[in-house]
Amino acid sequence: MDYAVSKEIAALLNGGFDIQVVESTVSTNTALKEWAASGAPDGTVLIAHSQQGGRGRMGRSFCSKRGGLYLSVLLKPSISPSAACSLTPIAALAVADSVEAVLGKELSIKWVNDLFYGGKKVCGILTEAAPSTNGLGVEYVIIGIGLNVYEPPGGFGNELNEIATALLPTATEKSGVINRLAAEIIRRVYSYTATPESELFYNAYKKRLFVLGKEVTIYQGNTTFKARVKGLNRDYTLSVINESGEEKTLLSGEVSIRRESYE
Ligand code: BTN
């Protein structure tokens, strides 16, 4: 069996982080938020083998069965609330680069923070920030990552089997893979998000983005519209052209997009 072990992850990282591993929790983001409110420092990480109430973007739930890596990191960066928006795409890049470094598998990114493998979603990221009391910065940021490492024994469930996948089949479960992935992800998330303005990360993120130039459907609040993706702006917002030829800028966090097909 492959389990996250805090000591082993800490050893791979050569210290510098406070890593807690629990068998199960409602949501690692929710728990870490409580710890942050009681003064937990930058570098605190919570990992669970499963979650009973895993949360996704826009109030959705996130399937969190055993076999996945459910990990939340606490950051206390000195940045403006608007700069905090670039942390989510940068974290997506950090996860994709980590998976490639550990398993040699290439993931692509669906703006803004979903990671895809073989045309199906393999990882979701939920970033939650608490603004500072003067409103000029952020008190803390929690980046929650749900990565489907092994296929759950009974599958993801009828609704998700068509759209979700895992990096590895259940039968290949081998001790140590989850620790290596966790350590690599923690290391890269902290190091990448320390320089969120980096041109290097912007270019690397753009390279993995598979919606550029594609026809997509955009879900924004109660409205839905079709558009063509024109490009990724430097602040990680997305420019799209709607069916009337108007250009719109999509801000992360407000919208979800779907490609007509992922062939
Ligand atoms: C999404 O796909 O909409 C985002 C999913 C984020 C899931 C992760 S799992 C670890 C952390 N804890 C949560 O409750 N959510 C995030």
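Worth pointing out:
- Residues that are among the acidic types (Asp, Glu), farther than 15 Å from Gly68 by Cα and surrounded by 11 or more Cβ atoms within 10 Å (Cβ to Cβ) within region 130-178 comprise just one, Glu139.
- Of everything in region 152-168 that is modelled with pLDDT of 95 or more and away from the ligand (no atom under 13 Å from the Cβ), the residue that is farthest from Ala101 (Cα to Cα) is Thr165.
- Among (1) touching a Leu at 6+ places or on another chain (Cβ under 8 Å); (2) of a type outside the set (Gly, Ala, Ser); (3) in contact (Cβ under 8 Å) with a residue 60 or more places away in the chain, the one test that Met58 misses: (1)
- Single residue of region 8-57 satisfying the filter (of a type in the set (D, E, K, R) and touching a strand residue (DSSP E or B) at 6+ places or on another chain (Cβ under 8 Å)) that is farthest from Glu151 (Cα to Cα): Asp42
- Residues in region 102-118 that are in contact (Cβ under 8 Å) with a residue 12 or more places away in the chain and more than 16 Å from the ligand (Cβ to nearest atom): Val102, Leu103, Lys105, Gly118.
- Residue list for region 49-87, filter: surrounded by fewer than 23 Cβ atoms within 10 Å (Cβ to Cβ) and either within 8 Å of the ligand (Cβ to nearest atom) or assigned to a strand (DSSP E or B) (or both): His49, Ser50, Gly53, Arg55, Gly56, Arg57, Met58, Arg60, Ser61, Phe62, Arg66, Leu74
- Look at region 122-139: where a residue is free of Cβ contacts under 8 Å to residues at least 12 places away in the same chain and a partner is surrounded by 17 or more Cβ atoms within 10 Å (Cβ to Cβ), sitting 6+ places away or on another chain with Cβ atoms under 7 Å, you get Ser132/Val138.
- Yes/no for Ile241 being surrounded by 13 or more Cβ atoms within 10 Å (Cβ to Cβ) and closer than 24 Å to Gly59 by Cα: no
- Scanning region 10-42 for residues that are surrounded by 17 or more Cβ atoms within 10 Å (Cβ to Cβ), away from the ligand (no atom under 12 Å from the Cβ) and more than 21 Å from Ser175 (Cα to Cα) turns up Phe17, Trp35, Ala36, Ala40.
- Residues satisfying the stated conditions in region 119-137, i.e. away from the ligand (no atom under 13 Å from the Cβ), hydrophobic (A, V, I, L, M, F, W, C) and touching a strand residue (DSSP E or B) at 6+ places or on another chain (Cβ under 8 Å): Ala129, Ala130
- Restricting attention to region 88-101, the residues that are crowded, with 18+ Cβ neighbours inside 10 Å and away from the ligand (no atom under 14 Å from the Cβ) total 7.
- Test for Val95: is it in a strand (DSSP E or B) and of a type in the set (Val, Ile, Thr): no
The values are calculated or read from the model by the stated rules, or taken from the named source; none is laboratory data. This is a predicted model, so every value here is computed, not measured. Here Cβ is always computed from backbone atoms with ideal geometry, including for glycine, and neighbour counts include all displayed protein chains.
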